[in-house]
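All of the numbers you see were taken from the coordinates with simple rules; none came from a lab. This one's a predicted model, so the numbers in the text were calculated from it and none came from an experiment. A quick note on method: Cβ atoms are made from the backbone with ideal geometry, for glycine too, and the neighbour counts reach across all protein chains shown.
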Amino acid sequence: MTPHARMRRVVLALACMAALLWTAAPSSATTKLVKIVKNTSTNKFQYSPAIITIVHGTAVEWTNTTKVKHTVTFTNGATYNKTLLPGQSVFRTFNVKGTLFYHCLIHTYMKGKVTVT
Ligand SMILES: [Cu+2]
């Protein structure tokens with residue numbers, strides 16, 4: 001192999017690596033985090049933030065930061081009901097535009113809203 005051909009191979013390999021990094025980067029940036037927390041002033045559990053707006057294709061990750069069990073239960077759109085033990089997380093990707101409501105089956109006052117644009 002001539003030095004010139006070797007150089008072309010190196011450049012090609014670097015270009016491939018750059019392309020991989022480019023495609024891999026946005027996935028982490030398109031995850032919206034929602035925590036399940038206990039509000040210390042009201043002493044009640046809540047989704048935080050409870051109201052979010054995301055672009056379609058975005059994933060939402062709910063994490064239960066409390067010491068008790070909760071659910072993420074959607075009441076419209078496709079059926080979705082996940083139970084989260086303390087410390088657990090769950091993902092859902094939203095590909096369809098619209099407004100969706102969810103709540104906790106255990107603490108029915110816990111409510112959330114996801115608007116997909
Ligand atoms: Cu709950």
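Are there any pairs, at least 6 apart or on different chains, whose C-beta atoms fall under 7 Å, with the first in segment 48-59 and in contact (Cβ under 8 Å) with a residue 40 or more places away in the chain and the second assigned to a loop (DSSP other than H, G, I, E, B) and not β-branched (Val, Ile, Thr), and if so, which?
His56/Asn95; His56/Lys97
Restricting to segment 56-73, name every residue that is within 14 Å of the ligand (Cβ to nearest atom) and either over 15 Å from the mean Cα position of the chain (by Cα) or within 15 Å of His103 (Cβ to Cβ) (or both).
Our first condition is that a residue be within 14 Å of the ligand (Cβ to nearest atom); within segment 56-73, this holds for 62-73.
If the condition is that a residue be within 14 Å of the ligand (Cβ to nearest atom) and either over 15 Å from the mean Cα position of the chain (by Cα) or within 15 Å of His103 (Cβ to Cβ) (or both), then Trp62, Asn64, Thr65, Thr66, Lys67, Val68, Lys69, His70, Thr71, Val72, Thr73 are the ones that fit.
If I ask for residues that are out of contact with any Ser or Thr (no Cβ under 8 Å at 6 or more places or on another chain), within 14 Å of Val34 (Cα to Cα) and crowded, with 16+ Cβ neighbours inside 10 Å, which ones from segment 105-117 would you list? Steps first, please.
If we filter segment 105-117 for residues that are out of contact with any Ser or Thr (no Cβ under 8 Å at 6 or more places or on another chain), which is where we start, we get 107-112.
When the remaining residues are screened for being within 14 Å of Val34 (Cα to Cα), the result is 110-112.
Answer for segment 105-117, where residues must be out of contact with any Ser or Thr (no Cβ under 8 Å at 6 or more places or on another chain), within 14 Å of Val34 (Cα to Cα) and crowded, with 16+ Cβ neighbours inside 10 Å: Met110, Gly112.
If you take the residues in segment 74-104 that are in a loop (DSSP other than H, G, I, E, B) and surrounded by 14 or more Cβ atoms within 10 Å (Cβ to Cβ), which one is nearest to the ligand (Cβ to nearest atom)?
Filtering segment 74-104 down to residues in a loop (DSSP other than H, G, I, E, B) leaves 75-79, 85-88, 95-97, 104.
Right, trim to surrounded by 14 or more Cβ atoms within 10 Å (Cβ to Cβ) and you get 77, 88, 104.
Details: Gly77: 20, Gln88: 13, Cys104: 3 Å.
My answer is Cys104.
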